[in-house]
Amino acid sequence: QVQLVESGGGLVQAGGSLRLSCAVSVTLLGFNSMGWYRQAPGKQRELVTAITREGTTNYADSVKGRFTISRDNAKKTVYLQMNSLKPEDTAVYYCGVRQWTIDYWGQGTQVTVSS
């Protein structure tokens, strides 16, 4: 059974940094892609960044140059390093992985950036 557990969220001032972690219960090598998504109040969930099994990454324009996705296959963990945080980055951040046509999600972790 695939389980994802996010951690690392919290309250930070604008300009600060946070690193989110997503611990996965099974090997990462079985997934086509892994990504971070976020959902702000009253808005739809949006893709922040993703990394494919081959290592190709993509980022939303709003986070390019500030956020970095990485993974540690041995630890079965996906990371999101967030720098230069802005109040508009405030949202619940979700880790998601795709195995062919099936998506798995974590429970989310709250990130709040104060101005």
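The values are calculated or read from the model by the stated rules, or taken from the named source; none is laboratory data. Bear in mind the structure is a predicted one, so any value in this text is a computation, not a measurement. All Cβ positions, glycine included, derive from the backbone under ideal geometry; neighbour counts span all protein chains shown. Calculation scope for accessible area: heavy atoms of the full protein, side chains included, ligands and nucleic acids excluded. Shrake-Rupley method; radii C 1.70, N 1.55, O 1.52, S 1.80 Å.
A few comments on the model shown:
- Strands (runs of 3 or more DSSP E) (entirely within the stretch 46-115) containing at least 1 residues that are aliphatic (A, V, I, L, M) and buried (at least 16 other Cβ atoms within 10 Å of the Cβ): 46-52, 67-72, 77-82, 91-99, 109-114
- All positions within the stretch 1-58 that are closer than 12 Å to Asp89 by Cβ and either modelled with pLDDT under 95 or within 10 Å of the chain's Cα centre (by Cα) (or both): Leu20, Trp36, Arg38, Val48
- Enumeration of residues in the stretch 12-29 that are touching a Gly at 6+ places or on another chain (Cβ under 8 Å) and closer than 16 Å to Thr52 by Cα: Cys22
- Here Gln1 clears all of (1) closer than 16 Å to Gln107 by Cα; (2) in a strand (DSSP E or B) except the condition numbered (2).
- For the stretch 94-115, residues that are closer than 19 Å to Tyr79 by Cβ and among the small types (Gly, Ala, Ser) total 3.
- Residue match in the stretch 27-37 (condition: in a strand (DSSP E or B) and in contact with an Asp or Glu (Cβ under 8 Å, 6 or more places away or on another chain)): yes
- Near pairs, Cβ below 8 angstrom, 6+ apart or cross-chain, from the stretch 16-33 (open to solvent by 20 Å² or more (accessible area, probe 1.4 Å)) to any residue that is of a type in the set (Lys, Arg) and at pLDDT 95 or above: Ala23/Lys75; Ala23/Lys76; Ser25/Lys76; Val26/Lys76; Thr27/Lys76
- Of residues in the stretch 44-65 being among the basic types (Lys, Arg) and in contact with a strand residue (DSSP E or B) (Cβ under 8 Å, 6 or more places away or on another chain), the one nearest to Gly96 (Cα to Cα): Arg45
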